[in-house]
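Visitor: Got a structure for you, questions after.
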C-alpha cells in the first residue's frame, strides 16, 4: 500500500511511531499535488514552503503529541480565512484578498498539529453544485475527468479522493460537503448547525452555512470533527455542548438502531442504480443488527424552493459588502459611487453569483417579501416539523445523497434549474439545522461512485458516525481509489513504512510555492 493511501488516522499513527517523519508526509503530498494539479485543478493556492517549514517545527513535538492527527497534512476550502494566505472564494472580486486573521477552525486545526497544504478550488462564493463556477476554472472528478466532482466543495472532495492530502475542511450550505463527497467516493459530514464556529468563514447564507470535514472514512471524520467542534464566543450562533469524544465512541455496534427510509426520497427522479446501492447499504446495516423501516416524509416537495429562496435572500444581503470600497477588487474606472458599485460587481462576480443576488434582491423587495420570503420561512418550519415527526419513529434517516451520477462538465451550467434540483436530498438537512453524512456505498455501471446519506437529529453526530463506521467495517467502497494514470506511485515511501505494507514509488517534481491555479 502507498503512503497516500493511508487514512489520516493511520498516517498519524505512523508519524507517532516514527515510521515516517512529518516532513516526509508533507513532501509526499506536495509531490502528488505537483503531479496532478493541472489535471484536476483542485487547488487554487499551494503553500508548499509554509507546509514544509511547519513540518520541521512540528517534528520536535511528535512524541508528546496528544492529537491523533498530529503532523497530518490537509487542505482548506478557499472560503475559510487564513492569515497571510490568499483567500479568494474562487471569485475575481476577492482574487488577491489576503486576510489579516484566521478562521476559528484554522486555529483549532493548528492546535491539533495540522499542516495546511493550501487552499482548495470551489464554486464561486460556494454557489453551485458542480465546482464549475470558479473564476480559476472547473475542478475535475478524479474518477472521470470529463465529469464534475460536485460542489461547492469540489476541490476538497477531489483532492481527498485523488490522494492530494489526507483530509480537507470545507463548508456545507445545502449539501456542499455531502454531494461532492458522494460524487468523488469519499466520506463527508455536515455537523449540527452551531457546533462548529463560522468565525472566519466567508458567508454565503448565514443560517445554513456550516464547516465540516471531508475524509477517507468515518473514523477520520470523527477525529477531525473532534478538533473542529466547540463553543466560540466570536460566533453568535455557536452552541454550548459536550464535544471531543466522537472518535473514542466509534464502536460499530448498531444493534437496535432504528433507521428510517423516507418513502418520498425513493420515488420518481431517482436513478435505479443509485436506489439499488442505497437500499443495499440499508441491508448491510440491517445485517449488523439495525432495524430498517420505511416511513412517510411528505415535505420533500417544499425543500428545493424554500432553500433557494432563503439562501438567495441571505446571499444578497451578505454579498452587499463586496463593493470595491473596503477590500477586494475595485473597478479601474468609474464615475461616482454608484458607478463604482456597479462596475466593480459587474466585473468581479460571475454569472451564477449574479443570478442568486438578483433572485435574493427580488424576493426581499417590497411587494414580494411576503409572497416569497415569508412563505419560504413558513415552509422551513414545516420541513423542520417533518423531521421532528420522523425522529419520533426512528433514530436516523437513510437517503441517497444525490439522485444520479455526476454529470459531464458543462451540462449543468446550461440548465441551472436542473442543477438546483440535484440538491433535493441534501438541502433539507440545512433547512432544519441537522447533521448529515455522506458515505460511499457503491458504483454505477460506468464505474462512478454512489453516496448514501445518513441524517440524524440535532447533536446526533455520534450516531451518524458510528452507523457509517459500522457500514465501512463490512464494506470497502471507502477504500477504493480512482485509477491514477497521471502519476502512479507519485511519492517515495520511506523504508521505515515497509512494516505497514507500503511500497516505494517514483518521485515527482515538487509543486512550486505561489498563487494562481494550482
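Just so you know, all these numbers are worked out from the coordinates, no wet-lab data involved. Because the structure is a prediction, the values reported are computed rather than measured. Note that we place each Cβ from the backbone using ideal geometry, even for glycine, and neighbour counts take in every protein chain shown.
Visitor: Expected output is a single nm value to one decimal: the length gained when fully extending between residue 5 and residue 249, i.e. 0.36 nm times separation in residues minus the C-alpha distance. What is it?
Guide: 85.4 nm
Visitor: At 0.36 nm per residue, minus the direct Cα-Cα distance, what do residue 330 and residue 392 gain on full extension? Give it in nm, one decimal, please.
Guide: Residue separation times 0.36 nm, minus the Cα-Cα distance, leaves 17.0 nm.
Visitor: Based on the mean of other beta carbon atoms within 10 Å per residue, what is the order of 404-413, 88-97, most packed first?
Guide: The densest-packed peptide leads the list: 88-97, 404-413.
Visitor: With label points built 7 Å along Cα→Cβ from the Cα atoms of residue 382 and residue 411, find their separation and express it in nm.
Guide: The answer from the label model is 3.2 nm.
Visitor: Need one number: nm distance between label points at residue 288 and residue 57, each 7 Å from Cα along Cα→Cβ, rounded to one decimal.
Guide: A separation of 3.9 nm, rounded to one decimal place.
Visitor: Between residue 263 and residue 206, how high is the FRET efficiency from 1/(1 + (r/R0)^6) when r is the Cβ-Cβ distance and R₀ = 45 Å? Nearest 0.05.
Guide: 0.85
Visitor: Residue separation times 0.36 nm, minus the C-alpha to C-alpha distance between residue 476 and residue 13: what's the value?
Guide: Here the answer is 164.6 nm.
Visitor: Still on this structure, please answer the following. 7 Å from Cα along Cα→Cβ at both residue 96 and residue 271: what's the point-to-point distance in nm?
Guide: The modelled label-to-label distance comes out at 4.3 nm.
Visitor: Using a 10 Å cut-off around each Cβ, can you sort 307, 372 from fewest to most neighbouring Cβ atoms?
Guide: Going from sparsest to densest Cβ surroundings: 372, 307.
Visitor: Restricting the calculation to Cα positions, tell me the Rg (one decimal) and the Dmax (whole number) of the chain in Å.
Guide: 21.6, 70
Visitor: What FRET efficiency do you get for residue 295 and residue 355 if R0 is 45 Å and r is their Cβ-Cβ distance, rounded to the nearest 0.05?
Guide: Taking R0 as 45 Å, the efficiency between residue 295 and residue 355 is 0.80.
Visitor: Can you tell me which of 345-356, 452-463, 66-77 comes out highest on packing, and rank the rest after it, using the mean Cβ neighbours within 10 Å?
Guide: 66-77, 452-463, 345-356
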